[in-house]
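Encoded as structure tokens, the structure appears first; notes follow it.
The values are calculated or read from the model by the stated rules, or taken from the named source; none is laboratory data. Everything numeric here is computed off the predicted structure, so don't read it as measured data. Please note: Cβ atoms are built from the backbone with ideal geometry, for glycine as well, and neighbour counts cover all protein chains shown.
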Amino acid sequence: MTSSSKCPVSRQLRTSHGMPLTALTKKVKENSSQKPDRTDPWPAALRILTRRDYSQSELRQRLTDKGFDPERIDFALQRCLELGYLDDARYALNRATSLMNQGRAVGKRVLLDLRQRGVNEEIANRALQRAREACDEEQLLASLLERRFANFSYDSAPAKERRRVVHFLQRRGFTIDRIMAQLTRKGLETRDENR
């Protein structure tokens, strides 16, 4: 796949936590130089967030799994929200765009992934809509077919192989109408090349 066929993603979407990563890393270092407080989830939350973005629900679960008090977790999450280290809308948009860019999921499959990660349905829908505006799903499907099934010809493939390819694409979230249209288009192009 050429770089021009990828979805355009601004650099802003790729920066962690909406601020330079060095500022967050500096805060973690400042907190880690003090004696660790096993009852305060704030330093743990900062350490977790320096690795990658998380949804509120995911971060809450990680801190709960570490055994922190739920009230203190709420306070730490609120502090992360106030400082802009935690933002479900940003997380959902980055995740949706990443999944679509890589051809791993589109449409309802993206929504399912975001919901499994604890993102509110309204936020997930908005993120999917914005990611769709930035990406051409037809082009994503065409490039995924070319990358994964370059020599596949729907017309000449056995029924079992056809089902395997179609089901693979459906699991990624593509609709059957879109899949069949793309496979038909690919078949016509292949026939034209063979003439």
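Odds and ends about this structure:
- The residues of region 136-160 that are surrounded by 11 or more Cβ atoms within 10 Å (Cβ to Cβ), part of a helix (DSSP H, G or I) and in contact (Cβ under 8 Å) with a residue 24 or more places away in the chain, listed by number, are Glu137, Glu138, Gln139, Leu140, Leu141, Ala142, Ser143, Leu144, Leu145, Glu146.
- Test for Gln78: is it surrounded by fewer than 18 Cβ atoms within 10 Å (Cβ to Cβ), modelled with pLDDT of 95 or more and within 23 Å of the chain's Cα centre (by Cα): no
- Looking only at region 93-106, and only at residues there that are under 17 Å from Gln129 (Cβ atoms) and surrounded by fewer than 20 Cβ atoms within 10 Å (Cβ to Cβ), the one that is modelled with the highest pLDDT: Ser98
- Which numbered condition Arg62 misses (of (1) within 25 Å of Met180 (Cα to Cα); (2) without any contact (Cβ under 8 Å) to a residue 24 or more places away in the chain): (1)
- Residue within region 30-42 that is in contact with a helix residue (DSSP H, G or I) (Cβ under 8 Å, 6 or more places away or on another chain), modelled with pLDDT of 90 or more and in a helix (DSSP H, G or I) present: yes
- Only one entry in Arg163, Arg62, Arg90, Arg109 is among the basic types (Lys, Arg), surrounded by 16 or more Cβ atoms within 10 Å (Cβ to Cβ) and over 30 Å from Pro41 (Cβ atoms), namely Arg109.
- When residues of region 107-138 are limited to those that are at pLDDT below 95 and acidic (Asp, Glu), the one nearest to Gln56 (Cα to Cα): Glu133
- Residues in region 48-57 that are crowded, with 18+ Cβ neighbours inside 10 Å and under 20 Å from Arg38 (Cα atoms): Ile48, Leu49.
- Members of region 40-62 that are hydrophobic (A, V, I, L, M, F, W, C) and within 21 Å of Asp113 (Cα to Cα): Ile48, Leu49, Leu59
Here is a yes/no grid of residues against (1) part of a loop (DSSP other than H, G, I, E, B); (2) among the hydroxyl-bearing types (Ser, Thr, Tyr):
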| site | (1), (2) |
| --- | --- |
| Leu81 | no, no |
| Arg90 | no, no |
| Thr97 | no, yes |
| Met100 | no, no |
| Arg104 | yes, no |
| Leu114 | no, no |
| Val119 | yes, no |
| Ala124 | no, no |
